[in-house]
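What follows is a single structure, written as structure tokens, with notes after it.
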Amino acid sequence: MSSSIASSVETNLPRPEYPRPDWQRSDWLNLNGAWAFRLDPAGEGHGQPRQDEEASAYDARITVPFSWASPLSGVGANEKGVGWYRRELQWKPAVADSRLFLRFGAVDYSCDVWVNGTHVGTHLGGYGAFEFEVTPVWLTDATNTVVVRAEDNDLTHQARGKQGYGEIRGIWQPVWLEARPQTYVRDAKFATRLDGRVEVTGRLDARQAGKAKLRFDFADGAVRHETELTLAAGENEFATSFDVADPQLWSPETPHLYEGEIRLSGEFGEDAVGTYFGIREIGTAKFGDRDYRWITLNRKPVYLNGTLDQSFHATGYFTYPSDEEMRDEIYLMKRLGLNFVRIHIKPEEPRKLYWADKLGILVMEDMPCFWGNPDEEARASYEREAQEIIERDYNHPSIFSWVMFNETWGLKTNSKGTGLTGDLSGELDYLPETQEWVRERYHWAKRFDPTRIVEDNSPCNRDHVETDINTWHFYINGYEEVRSHLQEVVDMTYPGSDKNYIGGNRQSDAPLMNSECGNVWGIVDGGAGDSDLAWHYRYMLNEFRRHDKMCGFVFTEFRDVVNEFNGYYRLDGSDKQFGYEAFVPGMTLSDLHAPDFIVIDAAPCQTVQAGAETTVALLRSSYADRYHGQTLRLVWELSYDNLGTRKIAERGEIDVSWEGYGVAALAPLAVRMPSQDAVAVLGVQLVDEAGRVVTRNFTTFDVRSGREHGVYEADGGFVSVPVTGFASHTFAHEWSSIQGAKASGGKAGEFVYDVKLPEPSAYEVIGEIEILFEASAKRLLARNVEGEHIHQHGISMMHGASANVEYNPSTYYMTDDEKHEARVNVSVDGERIGVFVLADDPADSRGVLSWHYQPVANKLEEAGSYGYLCQASVPGRLAAKLDRSRSFKLQLQADEGGIALYGRNAGRYPIDLLVRYR
């Protein structure tokens with residue numbers, strides 16, 4: 001029969017669910033909730049023993065399982081030292097003569113536990129799960145007192161990962177009591193094959209020698225197996241196997257789990273453990289005549305569209321407030337079309353890994369790093385915790401890779417590198433003996449778990465030693481810069497190459513994959529701040545998919561964190577708007593993550609002449625066999641905006657024979673540009689035989705007429721006035737940007753322009769006048785008021801240092817759920833002719849011209865910002881006056897929301913202030 005692994009318990013307890021869905025017993029007591037607490041900060045009596053003190057000695061209450069530094073703990077004190085926890089409780093197991101275990105998901109860092117005054121155990125390490133048997137000291141018919149001492153002093157040998165976002169201190173994972181029979185199943189490891197063969201190894205703990213039956217029952221009885229065992233007193237190992245008929249394979253698309261139970265029975269009674277397994281194989285393989293490998297899932301290539309997940313929560317820090325939020329994390333990733341996540345420098349919570357298994361997403365799990373020298377104490381601590389982590393998480397089918405180290409953090413001896421990811425003189429302090437220790441850890445992990453990919457070190461300093469996958473990190477902004485970097489990496493990836501390796505080690509035929517990327521640190525003077533991701537993201541993914549050798553990427557990152565603002569989502573999970581639907585109807589981020597993809601081998605925006613014919617190179621990229629052997633349709637359209645009206649310049653369809661894995665060239669497209677000033681969009685859709693869209697993509701063109709006042713498809717003539725050519729303004733704060741193509745003012749105030757119309761000799765009668773301009777609200781940032789403060793981010797950023805983001809010269813908030821509204825009055829010679837409500841001060845991929853005319857690649861100047869097209873008609877009586885005077889004052893008056901005006905080379909529309917007359 002199937003066990004109800006994901007069922008919730010209705011209670012007011014925090015995190016009421018059983019903490020280990022992958023290894024669950026029914027007779028248990030959740031110890032989350034309120035405990036008496038006392039914090040002895042470092043240097044303030046923290047060595048004083050308190051295990052025998054009464055409850056009155058504890059001066060606070062804490063909510064377990066949250067770090068004492070986190071808001072959800074109710075303490076919220078980020079202080080090193082000793083935390084004392086005390087709780088009184090009564091509990092009797094359902095079956096008499098059961099053995100009782102006190103279990104901890106994790107405690108940072110050293111932990112001692114007393115029950116009824118008796119010391120029951122000590123544990124070192126901040127990430128591993130552990131338990132103590134308390135059977136001899138537990139009172140089943142009276143009140144018991146549990147005391148926990150947790151000490152965390154951030155010692156240099158401690159595995160700490162990136163706790164600086166919010167410190168893990170003390171108990172930070174669930175605590176529970178669990179009953180088991182005298183003989184029980186300690187653990188079991190499942191190894192699966194695609195033919196349905198399942199091999200199981202494990203350990204049993206027997207109070208006394210005797211016979212036992214071990215039974216496996218999965219998928220509502222469809223999978224059953226039983227074996228008889230002869231047990232010795234103490235620990236026993238077992239190995240058995242069984243076959244699953246018509247095996248249903250696990251993958252992100254079809255995350256099939258075989259849920260059920262393991263039962264051990266004998267004279268001691270019966271131990272029942274709810275668990276599950278997924279049938280899948282992880283590997284690498286060569287395909288066709290290639291001399292390099294791809295990563296495979298179930299013996300087929302898989303393109304890994306991934307993100308870096310810090311697993312940080314604003315109130316719980318690295319402990320999620322609820323099971324629902326963990327499920328939603330996986331949902332939010334899959335919603336974007338991602339099929340994989342890298343859990344960064346820490347093991348993930350077991351319940352979140354359960355949801356990765358259940359909903360279907362591949363997981364790359366990092367070991368947590370220490371930050372001191374790799375001395376004997378640090379190595380011993382690391383090795384102990386790494387084993388605990390892999391043992392705990394071994395059975396999760398979602399996990400396909402273990403990453404042993406990240407960016408040589410903790411591997412450098414007496415390093416002087418102060419950069420964000422260390423220094424590039426790695427051989428000076430990443431010592432040969434340390435490199436050999438890393439090689440040993442790689443081989444140890446391969447022996448301990450031969451079913452998964454193992455990476456020695458996820459590098460930013462070109463310092464692999466030996467690894468199953470050849471990954472690298474890069475943070476670069478600018479299309480040409482990203483393109484040339486990727487080409488160089490691909491060209492230098494081949495067996496025997498020393499690229500990306502250290503100490504005389506060389507590449508094998510290991511798959512090539514990116515394991516961190518983005519533009520967050522690709523900007524000088526403090527990084528990208530809080531700015532648009534969408535423009536860079538699309539062309540970067542387009543460039544990845546150009547290369548047949550590339551197996552995938554890890555985008556930094558899933559959510560914003562406290563000092564990095566480069567997530568797909570805000571820290572609270574709210575959306576950012578990428579704006580792709582404005583280019584191709586229906587397009588979302590998931591189109592860029594499709595296994596079958598159309599690559600547009602071109603810059604994200606090109607400047608072209610009006611009416612010119614342009615050729616665009618296309619490639620097909622396929623890492624799934626769903627459509628192999630079929631004829632798909634490439635549907636394309638060249639569109640543009642003409643003063644608020646969407647126009648189609650050209651459209652067409654091409655049949656594409658969709659054959660085989662990898663990247664191959666398609667016939668190029670020749671398109672003719674509009675005969676006017678425009679931002680033209682070439683949108684493509686790949687459509688299957690049933691008419692369903694497989695993927696979408698686009699590129700853009702700044703189409704220029706070369707005429708002084710522009711050329712647009714409309715009757716009459718135009719006068720174009722530069723947005724920075726105002727005669728006066730009344731704003732407290734005013735500036736220009738994007739090479740003088742944008743004017744901004746805030747808070748309340750007005751811009752005044754002197755406008756000259758054609759003389760009667762040039763245009764005899766002016767009957768109608770229309771004012772057009774692109775404008776947004778103007779959200780004043782701290783730097784707009786106080787000036788820029790450039791904060792050079794060193795390694796302190798990894799430890800939670802403030803980003804001072806509003807002083808960052810690159811910050812321009814990406815469009816999201818928070819809006820900044822403004823109201824603008826348009827007046828001609830003092831008479832109001834229109835009122836516009838500007839909904840926001842947005843920045844995303846729709847700000848094509850603001851991106852295209854960035855002066856340099858490694859700095860951002862209000863990049864991606866754009867406005868709304870505003871059109872106001874001059875009333876007839878006022879037009880009659882202007883027909884006589886042939887000049888007027890144009891006033892754009894903003895309320896406290898301010899105003900930004902976008903000229904010909906900024907924003908979304910290729911216009912300055914435009915006066916249309918006829």
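The values are calculated or read from the model by the stated rules, or taken from the named source; none is laboratory data. Everything quoted here is computed from the prediction, not taken from an experiment. Note that we place each Cβ from the backbone using ideal geometry, even for glycine, and neighbour counts take in every protein chain shown.
Return the residues of segment 545-580 that are aromatic (F, W, Y) and either in a loop (DSSP other than H, G, I, E, B) or in contact with a His (Cβ under 9 Å, 6 or more places away or on another chain) (or both); say none if nothing qualifies.
In the first step, residues of segment 545-580 are kept if they are aromatic (F, W, Y); the result is 553, 555, 558, 565, 568-569, 578, 580.
Passing the criteria: F558, F565, Y568, F578.
The listed residues are L780, L772, and the only one of them that is part of a loop (DSSP other than H, G, I, E, B) and touching a residue at least 60 places away in the same chain (Cβ under 8 Å) turns out to be L780.
Within segment 812-840, track down each residue that is charged (D, E, K, R) and within 41 Å of the chain's Cα centre (by Cα).
D816, D817, E818, K819, E821, R823, D840
Of all residues in segment 722-752, exactly one satisfies the criterion of being in contact with a helix residue (DSSP H, G or I) (Cβ under 8 Å, 6 or more places away or on another chain), in a strand (DSSP E or B) and within 22 Å of E708 (Cα to Cα), namely K742. Summed over segment 67-84, residues that are over 21 Å from L155 (Cα atoms) and buried (at least 24 other Cβ atoms within 10 Å of the Cβ) total 1. Against the criterion of being in contact (Cβ under 8 Å) with a residue 12 or more places away in the chain, within 27 Å of V562 (Cα to Cα), in a loop (DSSP other than H, G, I, E, B) and of a type in the set (S, T, Y), S26 does not qualify.
Kindly check whether there is at least one residue in segment 807-822 that is modelled with pLDDT of 95 or more, among the basic types (K, R) and not in a loop (DSSP other than H, G, I, E, B). No; the residues of segment 807-822 include none that is modelled with pLDDT of 95 or more, among the basic types (K, R) and not in a loop (DSSP other than H, G, I, E, B). Inspect segment 196-207 for any residue being among the acidic types (D, E), within 27 Å of G278 (Cβ to Cβ) and surrounded by fewer than 17 Cβ atoms within 10 Å (Cβ to Cβ) and give the result as yes or no. Yes, segment 196-207 contains at least one residue that is among the acidic types (D, E), within 27 Å of G278 (Cβ to Cβ) and surrounded by fewer than 17 Cβ atoms within 10 Å (Cβ to Cβ).
Residue by residue, here is whether (1) in contact with a Leu (Cβ under 8 Å, 6 or more places away or on another chain); (2) among the acidic types (D, E) holds:
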| position | (1), (2) |
| --- | --- |
| A239 | no, no |
| F242 | no, no |
| E253 | no, yes |
| R263 | yes, no |
| E267 | no, yes |
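For segment 624-713, list the strands (runs of 3 or more DSSP E) that sit wholly inside it and hold at least 2 residues that are among the polar types (S, T, N, Q); which are they?
Working: elements: 630-642, 645-658, 662-665, 669-672, 678-687, 693-704.
Output list reads 630-642, 645-658, 693-704.
All of G126, G161 fail the test of being in a loop (DSSP other than H, G, I, E, B), at negative phi and crowded, with 21+ Cβ neighbours inside 10 Å, apart from G126. Among the residues making up segment 604-648, those that are of a type in the set (G, A, S) and either assigned by TED's automatic domain parsing to the domain that holds W535 or under 20 Å from L686 (Cα atoms) (or both) are A617, S621, S622, A624, G629, S639. In segment 527-547, the residue that is farthest from R846 (Cα to Cα) out of those that are in contact with a Pro (Cβ under 7 Å, 6 or more places away or on another chain) and not charged (D, E, K, R) is Y539.
When you look at A839, is it more than 23 Å from F731 (Cα to Cα), among the hydrophobic types (A, V, I, L, M, F, W, C) and surrounded by fewer than 19 Cβ atoms within 10 Å (Cβ to Cβ), yes or no? Answer is no for this residue.
Is it the case that segment 534-544 has a residue that's in a loop (DSSP other than H, G, I, E, B), out of contact with any helix residue (DSSP H, G or I) (no Cβ under 6 Å at 6 or more places or on another chain) and buried (at least 20 other Cβ atoms within 10 Å of the Cβ)? Lay out the reasoning, then the answer.
So the first thing to find is which residues in segment 534-544 are in a loop (DSSP other than H, G, I, E, B), and the list is none.
Checking segment 534-544: not a single residue is in a loop (DSSP other than H, G, I, E, B), out of contact with any helix residue (DSSP H, G or I) (no Cβ under 6 Å at 6 or more places or on another chain) and buried (at least 20 other Cβ atoms within 10 Å of the Cβ).
Note on segment 587-613: among residues that are crowded, with 20+ Cβ neighbours inside 10 Å and assigned to a strand (DSSP E or B), the one that is farthest from the chain's Cα centre (by Cα) is C605. Close Cβ contacts (under 8 Å, 6 or more residues apart or on different chains) running from residues in segment 707-724 that are more than 25 Å from A900 (Cα to Cα) to residues that are assigned to a loop (DSSP other than H, G, I, E, B) and of a type in the set (F, W, Y) comprise G717/Y763. Within segment 753-769, being assigned to a loop (DSSP other than H, G, I, E, B) and in contact (Cβ under 8 Å) with a residue 60 or more places away in the chain holds for L757, P758, E759, P760, Y763, V765, I766, G767, E768. If you take the residues in segment 29-57 that are at pLDDT 95 or above and assigned to a loop (DSSP other than H, G, I, E, B), which one is farthest from the chain's Cα centre (by Cα)? Only one residue tops the list, namely L31.
In segment 129-148, the condition of being closer than 30 Å to S802 by Cα and either surrounded by fewer than 21 Cβ atoms within 10 Å (Cβ to Cβ) or at pLDDT 95 or above (or both) is met by no residue.
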